[in-house]
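Asks: Have a look at this one.
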């Protein structure tokens, strides 16, 4: 009986290893070529998500990507309070941060705030308020001369919460305390994890093309092939007919061309959100 049990355990362990290898392989295929050489795995994966969702960035550095004037697309379970950011950039780094929970920072959201715009070359934001922000978290970066605030964390949702904390504090709606900030971030911790998990598990594919095996390739791996990608979840693609896929792809590319953003995903104009087209044609 003991031997049988051991064998069962070995089989289960081998199965788990194969499943983990398979999952890892799928995640690797999701990594965008722009960040394939990044060292920080979390930043690398999240950068790939941002590229898939918003298109290629305006600035493509070796260790940094930057989008400008970015209109945010709501998550499935989270609606952004700040709808448009002046800058979003992600760096191949991993900054350890222990408040309000252990995590790492690598993505930055910058917002110009009218109430703190500089006058005659002098900052107008209350220095006491800046000091309070610094006492709450090291992830709030205030530039008084530019009149802008940057939030830094591990995803755009957490940055949105941080920027709203800053706005509410500037407008006198809340006192900028650790308790207030921690309460806001922790209330979203579970929701953020679910959203990120869904992004990684959806397995989006490009129904506008097929690889040598006849399957639709993962989004973000189209290279320099012609035609803008029409991406849908793999499960959705499986339920669509050949005619439906062709129709959705034509409408997607027509919409991109009309907006002057056709061709490959590397055309100029990256950093603006892709034009969303329903998989169902209008009646």
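Asks: When you scan the range 86-134, how many residues do you find that are in contact (Cβ under 8 Å) with a residue 40 or more places away in the chain, farther than 21 Å from residue 40 by Cα and out of contact with any strand residue (DSSP E or B) (no Cβ under 9 Å at 6 or more places or on another chain)?
Replies: So the count comes out to 3.
Asks: Consider residue 154 carefully, then state whether it is in the same structural domain as residue 63 (by TED's automatic domain parsing) and either more than 26 Å from the chain's Cα centre (by Cα) or over 20 Å from residue 65 (Cβ atoms) (or both).
Replies: The answer is no for residue 154.
Asks: Applying the selection to the range 175-203, what residues are closer than 23 Å to residue 75 by Cα, modelled with pLDDT of 80 or more and surrounded by 15 or more Cβ atoms within 10 Å (Cβ to Cβ)?
Replies: 181, 182, 184, 185
Asks: I need a count of the residues in the range 26-44 that are outside any loop (DSSP other than H, G, I, E, B) and either surrounded by fewer than 19 Cβ atoms within 10 Å (Cβ to Cβ) or without any contact (Cβ under 8 Å) to a residue 60 or more places away in the chain (or both).
Replies: 10
Asks: Looking only at the range 97-143, count how many residues are in a strand (DSSP E or B) and in contact with a helix residue (DSSP H, G or I) (Cβ under 7 Å, 6 or more places away or on another chain).
Replies: Selection size over the range 97-143: 7.
Asks: Residue check: is residue 51 in contact with a helix residue (DSSP H, G or I) (Cβ under 7 Å, 6 or more places away or on another chain), in contact (Cβ under 8 Å) with a residue 60 or more places away in the chain and assigned to a helix (DSSP H, G or I)?
Replies: yes
Asks: Within the range 219-251, track down each residue that is in contact with a helix residue (DSSP H, G or I) (Cβ under 9 Å, 6 or more places away or on another chain) and either surrounded by 20 or more Cβ atoms within 10 Å (Cβ to Cβ) or at pLDDT 85 or above (or both).
Replies: Result: 219, 220, 228, 229, 230, 231, 232, 237, 240, 245.
The values are calculated or read from the model by the stated rules, or taken from the named source; none is laboratory data. As the structure is a prediction and not an experimental result, all values here were calculated from the model. Using ideal geometry, Cβ is built from the backbone for each residue, glycine included, and neighbour counts are taken over all protein chains shown.
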